[in-house]
Structure formats: structure tokens, C-alpha cells
Amino acid sequence: NAGVMQNPRHLVRRRGQEARLRCSPMKGHSHVYWYRQLPEEGLKFMVYLQKENIIDESGMPKERFSAEFPKEGPSILRIQQVVRGDSAAYFCASSTDIGYEQYFGPGTRLTVT
Amino acid sequence: SQQGEEDPQALSIQEGENATMNCSYKTSINNLQWYRQNSGRGLVHLILIRSNEREKHSGRLRVTLDTSKKSSSLLITASRAADTASYFCATDPRRGTSYGKLTFGQGTILTVHP
């Protein structure tokens, strides 16, 4: 049973470009969470999704950031018009149900130049 | 202080010794989860302990939870150099609008010397 998959593992974008981060949850998991880890900081919750629904996006910046988890395919975290402050590691996690273990992917390290 | 705060911030021990890390939190929880993160890597899930549990074991790991003191501890027995990593506790709040939203502490950096 493959774990949570994320791609790309590393992403370099120039300021103003768009970044698209993908996450495929573990098989059988229908709950997906995105977290961000800034340099020298702990992880911060961004958004919680189920298939075709955003359940909680209270940790998402109000502008430029969006997330989706379509009926088919991976969950996508999209950052438009990236700025240097967006440089961070973005982790996706999945669980079988809310209140259960969240298993994390390897992360996508975004660098904005 | 923040929810899910670990103590100590850094711990350095010799191989074979035990390592104990503590986590304190502020709000009521549904469960508390411990993770390990090797430098530059993803998080590995270690153990989940629910609010109605007091102790849980997994291999060389022992986790305790004291909801009256809002604290948890992670004990790694007979440590190995491969245990060198950052350890995080994460709290999952009780049912409500924040349910499922893990809050992480800053972590404890454990170094095990061969």
C-alpha cells in the first residue's frame, strides 16, 4: 500500500509565476489536509478537504491560494503570483476519517526566486 | 505559549540511553499524535493516543497522556543513532469547527551519539 504521494518534490518558481502542488492520498483515504512548514518553524494547518468539498480552509491565506480535491485525481494546492515569502515546504496528509491518524507525504519544497 | 509545545527544545544523549520528550497543550483534545521528521524529509507517524487513553506502547516507544495537566510525554528506550531526528507532537481538537486540524509544536531536536 503506497503512502501519500506528493509531486513535485522540489519546485522553483520566479516571483509572479504560479505553483501547482499535487497530492495523492493513501489508498482508501478520503480526507486530505495541507500544511505548510516555513524555515525553522513547525507545521501550520492550511486546509482540509474531502472529495469535491473544502471542509476547513481557515489556515489558507485569503488571496492567491486555493485548493481542490476533485472526484477523480489528486488534490491540488495552487499558489498564484508567488512571492518570496511563499518559499516553504508544503506537506499533504491523509486519513481514513476525521479524528484518525494523519499520514504525511514527503512534501514539496517550493523555492521562489 | 502555543498549543502543542515540546520540551526540551533539544536533547543530546548517548546510544543506549532513554530519551524523554514532553508536550503541553492548552485546549481540549480528541487525540494527540507524535511524529518524527528527519532533516529535510517528510513526517513519519509514530503513535496516536486518544483523550480517553493514559498510556500507549509501540516497540521502543511509550507515550503517556495526562488530560488533567494537558500534557503528554514520549519515551524512546534504548536509543539508537538512527533515532536522531526532530520529534513533534500534534493535537487534534475535540469535535467542533477545528476538528481534524492538527496543531503542531516547534519540536524537540534529538541527537543520539554513537
Considering segment B:49-70 alone, what residues qualify as being in a strand (DSSP E or B) and either modelled with pLDDT under 95 or open to solvent by 40 Å² or more (accessible area, probe 1.4 Å) (or both)?
-> B:R50, B:E55, B:K56, B:H57, B:S58, B:R62, B:D66
When you look at B:R36, is it modelled with pLDDT of 95 or more, over 30 Å from A:M5 (Cβ atoms), assigned to a strand (DSSP E or B) and open to solvent by 10 Å² or more (accessible area, probe 1.4 Å), yes or no?
-> no
Scanning segment A:24-52 for residues that are among the hydrophobic types (A, V, I, L, M, F, W, C) and within 9 Å of another protein chain (Cβ to nearest Cβ), which turns out least open to solvent (accessible area, probe 1.4 Å)?
-> A:L43
Of all residues in segment A:53-75 being open to solvent by less than 20 Å² (accessible area, probe 1.4 Å) and part of a loop (DSSP other than H, G, I, E, B), which is nearest to the other protein chains (Cβ to nearest Cβ)?
-> A:M60
Here are some residues: B:R41, B:R36, B:R50. Which one is under 12 Å from B:S86 (Cβ atoms), within 11 Å of chain A (Cβ to nearest Cβ) and over 11 Å from the mean Cα position of the chain (by Cα)?
-> B:R41
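For (1) out of contact with any Asp or Glu (no Cβ under 9 Å at 6 or more places or on another chain); (2) more than 21 Å from A:G99 (Cα to Cα), each residue gets a yes or a no:
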site: B:Q9; (1), (2): yes, yes
site: B:W34; (1), (2): yes, no
site: B:N38; (1), (2): yes, yes
site: B:L48; (1), (2): no, no
site: B:E53; (1), (2): yes, no
site: B:H57; (1), (2): yes, no
site: B:A78; (1), (2): no, yes
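The values are calculated or read from the model by the stated rules, or taken from the named source; none is laboratory data. Just so you know, these numbers come straight off a predicted model, no measurement behind them. All Cβ positions, even for glycine, are placed from backbone atoms using ideal geometry, and neighbour counts span all protein chains on display. Remember, those area values only see protein heavy atoms, side chains included, never the ligands or the DNA or RNA. Shrake-Rupley method; radii C 1.70, N 1.55, O 1.52, S 1.80 Å.
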